[in-house]
Amino acid sequence: MNSLNPEQFRELVYYATLAPSSHNTQCWKFRNEDQVIIILPDRSRRCPVVDPDDHHLYVSLGCAAENLIQAALAQGLSAQCRFDPAGDGAVRIQLQPAEKRVTPLFEAIPHRQCTRAEYDGYPLTPDELHQLEMAGTGDGVRVLMLTSPTAIETVLGYVVQGNTAQFNNPAFMQELQSWIRFNDQEATRTGDGLSGRATGNPPIPRWLGTLLSKVLFRAKPENEKIARYVRSSAGIAVFVSAVDDQAHWIEAGRCYERFALQATALGIRNAFINQPVEEASLRLAFARALGLSSGRPDLVVRFGRGAEMPRSLRRSLDAVMI
Ligand SMILES: Cc1cc2nc3c(=O)[nH]c(=O)nc-3n(C[C@H](O)[C@H](O)[C@H](O)COP(=O)(O)O)c2cc1C
């Protein structure tokens with residue numbers, strides 16, 4: 001096969017960058033080497049407080065890899081994803097000519113979003129739950145689909161505990177605030193981070209946001225909002241890696257992304273509630289409460305039907321192509 005032409009490469013990177021990333025850091029760089037696209041971690045965008053072991057960073061690379069793989073299929077290229085644990089931390093996507101396939105997952109890429117809002121409270125059908133579970137299962141990664149009110153309340157208890165711990169941790173709040181884009185001008189200038197428009201908060205100048213941070217970021221009202229959001233959801237998905245290493249975190253990202261794209265294709269929304277897996281002191285108790293005897297719970301995601309929210313932004317493609 002000839003090497004990818006620059007337009008093809010650019011288009012694949014475009015779809016890859018529509019993937020979710022922790023705090024919308026977009027912690028990735030892309031390089032084209034003949035038939036291989038290399039996705040490198042951008043460590044200048046690490047979040048050492050919320051993500052000290054780079055778990056979320058590698059999950060984010062996995063999400064980007066899955067989008068790229070779906071987009072390659074639509075260009076008539078099949079892709080194989082490789083990761084060398086002893087290497088440079090890059091994900092390598094080897095491309096081969098194949099039959100062109102425009103999958104529903106590919107078509108969902110521009111419409112996927114993390115929808116931080118109340119959902120309609122209705123359950124999903126068994127067939128919808130099955131489709132989500134299939135999409136979210138991979139090599140050494142499984143997804144627990146929790147839909148009973150008891151299981152949902154159990155998870156909510158851990159989310160509230162984790163959220164309270166995070167809000168009471170000044171280092172966590174400082175890191176979070178550095179990724180908050182308090183108004184549209186900030187969000188457009190940086191093209192990254194957590195914009196008010198996507199999180200449902202009104203725009204304010206940064207100086208005011210910083211001045212009022214003690215009022216704006218309080219655990220109790222945030223916990224009440226989370227409880228309302230979780231109880232409005234049809235269920236909670238917990239992604240679990242069989243082995244706690246970078247290769248499995250990348251695979252967990254790919255599984256989550258397929259789940260999110262499949263959900264989008266079915267008109268189902270989702271949003272992360274990762275506090276129980278981010279707070280290392282809670283993770284083991286959370287795993288036990290779910291009945292897990294081994295493996296790492298990677299991601300906690302609520303799902304259901306609801307209205308779309310404004311989209312979060314991305315940086316220019318030139319900023320991430322090397
Ligand atoms: C590994 C990972 C962890 C995340 N954790 C959270 C979280 O705990 N809470 C949350 O609201 N969003 C979380 N997000 C969602 C990102 O903030 C979101 O993907 C980003 O802001 C871009 O928005 P979009 O997904 O709507 O395009 C996470 C995303 C990833 C990939």
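General remarks:
- The largest-to-smallest principal axis extents of the Cα set in the chain are 58, 46, 39 Å.
- Charge dipole (debye, nearest 20) of the stretch 6-112; +1 at Cβ of Lys and Arg, -1 at Cβ of Asp and Glu: 140 debye
- Length added when fully stretched, MET321-THR164, from 0.36 nm per residue minus Cα-Cα: 52.7 nm
- The slack between THR147 and VAL102, meaning 0.36 nm per residue of separation minus the straight C-alpha distance, is 13.0 nm.
- Of the accessible area of the stretch 44-107, computed with a 1.4 Å probe over protein heavy atoms only, carbon and sulfur atoms account for 49 percent.
- For GluC sites (Glu not before Pro), the sites in the stretch 1-106 that DSSP calls loop and that have at most 10 other Cβ atoms within 10 Å are GLU99.
- Accessible area expressed per residue, the stretch 126-304, with surrounding protein chains retained (probe 1.4 Å, Å²): 44 Å²
- Whole-number accessible area per residue in Å² for the stretch 6-112, which is evaluated in the context of all protein chains at 1.4 Å: 39 Å²
- For the stretch 6-112, diffusion coefficient by Stokes-Einstein and Kirkwood Rh (Cα), 10 °C, 1.306 mPa s, µm²/s: 113 µm²/s
- Treating r as the C-beta distance of ASP127 and ARG288 and R0 as 30 Å, the FRET efficiency rounds to 0.45.
- Percent breakdown of C-alpha pair distances by 5 Å bin, ordered from the shortest bin, for the stretch 247-322: 3, 12, 16, 19, 19, 16, 10, 4, 2, 0
- GLN80/ARG43 FRET efficiency (R0 22 Å; Cβ-Cβ; nearest 0.05): 0.30
- Here the Karplus curve 6.51 cos²θ - 1.76 cosθ + 1.60, taken at θ = phi - 60°, turns the phi angles of the stretch 35-51 into couplings of 8, 10, 9, 9, 9, 9, x, 9, 6, 5, 10, 5, 10, x, 7, 6, 9 Hz, with x standing for Gly and Pro.
- 21 Å Cα-Cα reach of LYS214 towards lysines, excluding residues that sit fewer than 8 places from it in its own chain: LYS225
- Given their separation in residues at 0.36 nm each and the Cα-Cα distance between them, ARG10 and GLU222 gain 72.4 nm when the chain is fully extended.
- Phi angles of the stretch 100-116 translate, via the Karplus equation with coefficients 6.51, -1.76, 1.60 and θ = phi - 60°, into HN-Hα couplings of 5, 9, 8, 7, x, 5, 4, 5, 7, 3, x, 9, 5, 7, 8, 9, 8 Hz per residue; Gly and Pro are given as x.
- Straight-distance crosslink candidates among aspartates and glutamates, where the alpha carbon sits under 18 Å from LYS29 and sequence neighbours closer than 8 are dropped: GLU7, GLU11, ASP42, ASP54, GLU66, ASP84, ASP88, ASP192, ASP318
The values are calculated or read from the model by the stated rules, or taken from the named source; none is laboratory data. Owing to the predicted nature of the structure, the values given are computational and were not obtained by experimental measurement. Here the Cβ is made from the backbone with ideal geometry for all residues, glycine too, and neighbour counts use every protein chain on show. Heavy atoms of the whole protein, side chains included, go into the accessibility calculation; ligands, DNA and RNA do not. Shrake-Rupley method; radii C 1.70, N 1.55, O 1.52, S 1.80 Å.
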